[in-house]
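The values are calculated or read from the model by the stated rules, or taken from the named source; none is laboratory data. These figures come from a predicted structure and were not determined experimentally. Note that we place each Cβ from the backbone using ideal geometry, even for glycine, and neighbour counts take in every protein chain shown.
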Ligand SMILES: Cc1cc2nc3c(=O)[nH]c(=O)nc-3n(C[C@H](O)[C@H](O)[C@H](O)COP(=O)(O)OP(=O)(O)OC[C@H]3O[C@@H](n4cnc5c(N)ncnc54)[C@H](O)[C@@H]3O)c2cc1C
C-alpha cells in the first residue's frame, strides 16, 4: 500500500447531555439515553481522513465496545474511513483504562500482522463519559511508540510526523519518528459530514469486521474486570445549580456590559461571590 495506514480509536458513549441524575438513589438514569460517537473522536477521525487525503493510504477506525457500537463505526465509514473494526467480547466488560488500552494495543498489533504496517494511531482528547484522557498515552506505552497530545495539526513525511500542539498559553511544534500515537485537541478541526454514498458502502461492501477474544487470544486475567486494578471507591454528584437563564439583546457592547453588571450585582449571593473572588475571603 502506498501512503500511510492510520488507525483511529473511537468510543461509543451515552449522550451525557441526556443523562439525568436520580438524587434519591444517587445513580445516573441511563434508560432511554441515546448513544453517540464521543464528540471529540469526530475530530480524530477528521484528522486521520485529512492525512489520508493528503498523503494516500487508508484509515481504519477501531472501537472496543458492545455490538451496538457498530452504528458508530458506520458513521465513521460514512465520513470516509476505509474500514472499521469492532473489538467486542463479554470478557472485556468492566474494563478500566489499563485493560481497555491493553486490548486496543493488541488489536493494533493484529492489524499490523494481518492487514499491514500501522504508521499512526490517532485518539480524541478525552471522552465525555469517563474523561480520564488515559487511553492515548496508555496505548502508546503498550506499543512502545512515542506519544504527543493536544495536537491541532499534523503532517507526515519520510517516516516521520510533524505536529503543532496547543497548550493554554503556548504553541509547540514537535517531530517524532513513525510509528507514533497522537491525541487530537478538542474542537481542533471541523469534522466533515457523513456522505450517503459512503454510508451505503458500510452496507454493500461490508468494510466493518468484528474481532472477539477468540481472534485476539488475550489472557482473560489481563482484560475486562479481572485485568482492571482501578477501584472506583466512591462517586459523589454535585447538586444541580439553578440557572436563571436571562437573555438580553443589547444595542452595543457598553450597554450589554452595563446590563450584565446590574443583573449580577442585584443578587446578594452573586455580589458576595464577586467580592470574595476580587478581594479574598471575609471581604463580602
Ligand atoms: C474500575 C472501572 C470499571 C469500569 N467498568 C466499566 C464498564 O463496565 N463498562 C464501561 O463501559 N466502562 C467501564 N469503565 C470505564 C472504562 O474504563 C473507560 O470507559 C475506558 O477505559 C475509556 O476511558 P475513558 O472513557 O476515560 O477514555 P479517555 O482516555 O478519556 O479517551 C481518550 C480517547 O481514547 C479513545 N478511546 C477511549 N475508549 C475507547 C474504546 N473503548 N475504544 C476505542 N477507543 C477508545 C477515544 O479516541 C477517546 O477520545 C470502568 C472504569 C473503571 C475505572
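Looking at the stretch 176-195, is at least one residue without any contact (Cβ under 8 Å) to a residue 12 or more places away in the chain and either assigned to a loop (DSSP other than H, G, I, E, B) or within 16 Å of the ligand (Cβ to nearest atom) (or both)? No, the stretch 176-195 contains no residue that is without any contact (Cβ under 8 Å) to a residue 12 or more places away in the chain and either assigned to a loop (DSSP other than H, G, I, E, B) or within 16 Å of the ligand (Cβ to nearest atom) (or both). For residue 4, the conditions (1) under 16 Å from the mean Cα position of the chain (by Cα); (2) surrounded by 22 or more Cβ atoms within 10 Å (Cβ to Cβ) are fulfilled apart from (1). Evaluation of residue 261 against the conditions (1) part of a helix (DSSP H, G or I); (2) surrounded by 11 or more Cβ atoms within 10 Å (Cβ to Cβ); (3) out of contact with any helix residue (DSSP H, G or I) (no Cβ under 7 Å at 6 or more places or on another chain); (4) modelled with pLDDT of 90 or more shows that the sole unmet condition is (4). Within the stretch 222-258, the set of residues being within 16 Å of the ligand (Cβ to nearest atom), loosely packed, with under 10 Cβ neighbours inside 10 Å and modelled with pLDDT of 90 or more comprises 229 only.
Residue count for the stretch 137-168, restricted to those that are part of a loop (DSSP other than H, G, I, E, B) and either within 16 Å of the ligand (Cβ to nearest atom) or modelled with pLDDT of 95 or more (or both): 3. Scanning the stretch 155-194 for residues that are surrounded by 12 or more Cβ atoms within 10 Å (Cβ to Cβ) and closer than 24 Å to residue 78 by Cβ returns 182, 183, 184, 185, 186, 187, 188, 189, 191, 192, 194.
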